[in-house]
Amino acid sequence: MDPHVTPYIGLDALLTPQRSVLLLIDHQGAQFAGLQSHDANLVINNVTALAKGAKLFGIPTILSTVVEDRGGRIIRQIQELFPEQKPIDRTTINTWEDPRVVQAVADTGRKDLIIAGLWTDICLAFPAIHALADGYRVFAVTDASGATSLEAHERGVQRMVQAGVIPTTTGTVLGELQRDWAREETISGITDIFLSHGGSFGAALAWEFQLLGADAT
């Protein structure tokens with residue numbers, strides 16, 4: 001473990017925009033076709049919110065696909081947020097075995113690696129565990145990921161936790177990045193993400209705006 005990587009306790013255990021890099025793996029049509037652990041619409045909603053949050057907070061985001069010609073392009077909701085970026089298309093099942101991905105992450109200089117991918121037990125777990133050995137703190141966003149069965153998803157999360165990966169969710173990541181409502185420069189953006197993708201919390205937030213006579217659009 002890199003000596004500058006903080007242990008998983010105290011305030012420094014939380015994510016910050018300055019230390020983070022986001023890696024989104026294989027959110028493609030073929031992968032969604034086999035998704036059985038979660039509702040596909042929920043995963044699409046969450047990974048879109050996660051990507052929007054990364055863009056809002058200036059977090060470098062790396063996109064990767066596997067055999068795009070057969071598996072399909074990365075979903076439009078993600079690609080449209082990063083129109084200038086061509087996803088790194090791999091043949092390796094383990095993303096971390098593709099040196100282009102490893103180098104792209106290393107080039108950011110960030111050591112907190114946030115990952116979401118399809119499927120959890122393979123495309124997420126393999127690189128998450130592998131990256132630990134290269135000195136990264138790895139955060140697996142489990143509700144922006146999924147697998148071919150609930151058991152496969154759970155075993156994948158369990159395996160990652162045993163190795164030292166930190167499981168988290170989209171809302172938790174966004175909350176850690178915002179951290180303080182006094183950070184006014186991102187309040188409008190984070191509010192918009194929660195209104196659009198926050199489910200019941202977004203609905204409650206819109207209601208609060210209504211009661212306050214504010215515009216939530």
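A few notes on this one:
- Each of 194, 136, 79 was scored by the projection of its Cα onto the charge dipole of region 68-217, and the greatest displacement toward the positive side belongs to 136; charges sit on the C-beta of Lys, Arg, Asp and Glu.
- Dipole magnitude for the chain: computed about the Cα centre from +1 point charges on Lys and Arg Cβ and -1 point charges on Asp and Glu Cβ, it is near 260 debye.
- Annotation: per residue accessible area for the chain equals 48 Å², rounded to a whole number [probe 1.4 Å, protein chains only].
- Theoretical ellipticity at 222 nm over the chain - DSSP helices of four or more residues, -39500 (n - 2.57) apiece, nearest 500: -13000 deg cm²/dmol
- Cα-based shape type of region 61-106, given that a ≥ b ≥ c are square roots of the gyration tensor eigenvalues and the cut on a/c is 1.5: oblate
- A Gaussian network model of the chain, with springs between Cα atoms under 10 Å, assigns the largest mean-square fluctuation among 203, 40, 54 to 203.
- Nearest-ten-degree value, helix 199-212 long axis tilted from longest Cα axis of the chain: 20 degrees
- Secondary structure note: in the chain, about 5% of the DSSP beta bridges are antiparallel.
- Prolate/oblate/rounded label for region 66-189 (Cα gyration tensor, a/c 1.5): rounded
- Once exposed loop chymotrypsin sites (Phe, Trp or Tyr not before Pro) are cut out (DSSP; at most 14 other Cβ, 10 Å), longest piece of the chain: 9-180
- Tensor-based shape of region 21-112 (alpha-carbon gyration tensor, a/c under 1.5 rounded, otherwise prolate or oblate): oblate
- With loop membership from DSSP and a limit of 14 other Cβ atoms within 10 Å, the longest segment of the chain without GluC sites (Glu not before Pro) is 85-217.
- Helix axis angle, 150-163 relative to the chain longest principal axis, alpha carbon, degrees: 80 degrees
- Top of 121, 143, 107 by mean-square fluctuation, Gaussian network on the chain, Cα under 10 Å: 107
- Set of aspartates and glutamates near residue 52 by C-alpha distance (under 19 Å), chain-local residues within fewer than 8 positions excluded: 26, 80, 84, 112, 143, 176, 180, 184, 185, 192
- Summing +1 for each Lys or Arg and -1 for each Asp or Glu among the other residues whose beta-carbon sits under 13 angstrom from that of residue 90 gives -3.
- Per residue, the Cα convex hull of the chain amounts to 122 Å³.
- Comparing mean-square fluctuations of 120, 91, 65 from a GNM of the chain with C-alpha springs under 10 Å, the top value falls on 91.
The values are calculated or read from the model by the stated rules, or taken from the named source; none is laboratory data. Owing to the predicted nature of the structure, the values given are computational and were not obtained by experimental measurement. Here the Cβ is made from the backbone with ideal geometry for all residues, glycine too, and neighbour counts use every protein chain on show. The area values use the complete protein model at the heavy-atom level, side chains included, leaving out ligands, DNA and RNA. Shrake-Rupley method; radii C 1.70, N 1.55, O 1.52, S 1.80 Å.
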